[in-house]
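Encoded as structure tokens, the structure appears first; notes follow it.
The values are calculated or read from the model by the stated rules, or taken from the named source; none is laboratory data. Since the structure is predicted, the reported quantities are computational estimates derived from the model, not experimental observations. Cβ atoms come from the backbone with ideal geometry, glycine included; neighbour counts cover every protein chain shown.
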């Protein structure tokens, strides 16, 4: 457990929260005041879905864009096309409402610069594109993002206020 000040409260009080880690190809859902964190977003995409009314949020660490390219899919959260609908469903199980959901995304970097174009698979770009496409098909709008580039990121969702904190090596913290 950690302590965090809550801005906007009458007495600016410390609130106890748990920071829940989301691994590669995983998703987790929680409610206020807890935080969800995923590390190592290189070409992977981190996606948060947050309901500001119920203060329920989820985080998905997408590794690959399209499950249809594989025969034996044992971990649906690994893929944008399967993981996103699963995340929407899980947020709903916790009381979040689809029509309230706010999406934020980070990652999708090109981590291997200098390679010959024919050997680069552009996984980061493809993850970003499939994430946007899947969200659009579900009627969920992306309200903020920090994607692309060539650096890895850490993504943290604060379920108290829906803020997403992005840590990138060599740059100041960013709140989206």
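Determine, yes or no, whether residue 52 is in contact (Cβ under 8 Å) with a residue 40 or more places away in the chain, surrounded by fewer than 16 Cβ atoms within 10 Å (Cβ to Cβ) and in contact with a helix residue (DSSP H, G or I) (Cβ under 9 Å, 6 or more places away or on another chain). Lay out the reasoning, then the answer.
Values: in contact (Cβ under 8 Å) with a residue 40 or more places away in the chain: yes; surrounded by fewer than 16 Cβ atoms within 10 Å (Cβ to Cβ): yes; in contact with a helix residue (DSSP H, G or I) (Cβ under 9 Å, 6 or more places away or on another chain): yes.
Here the answer is yes, as residue 52 does meet what is asked.
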**Asked** Does the stretch 56-74 contain at least one residue that is over 12 Å from the mean Cα position of the chain (by Cα), surrounded by fewer than 13 Cβ atoms within 10 Å (Cβ to Cβ), in a strand (DSSP E or B) and at pLDDT below 95?
**Response** no
**Prompt:** Looking at this structure, is residue 87 crowded, with 18+ Cβ neighbours inside 10 Å and more than 18 Å from residue 22 (Cα to Cα)?
**Reply:** no
**Request:** Considering only residues that are in contact with a helix residue (DSSP H, G or I) (Cβ under 8 Å, 6 or more places away or on another chain) and at pLDDT below 95, look in the stretch 110-140 and name the one that is surrounded by the fewest Cβ atoms within 10 Å (Cβ to Cβ).
**Result:** 111
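Out of all the residues in the stretch 23-46, which are farther than 17 Å from residue 160 by Cα and either without any contact (Cβ under 8 Å) to a residue 24 or more places away in the chain or crowded, with 22+ Cβ neighbours inside 10 Å (or both)?
Initially, the stretch 23-46 is screened for residues farther than 17 Å from residue 160 by Cα, giving 23-27, 38-46.
Listed by number, the residues that qualify are 27, 38, 41, 43, 44, 45, 46.
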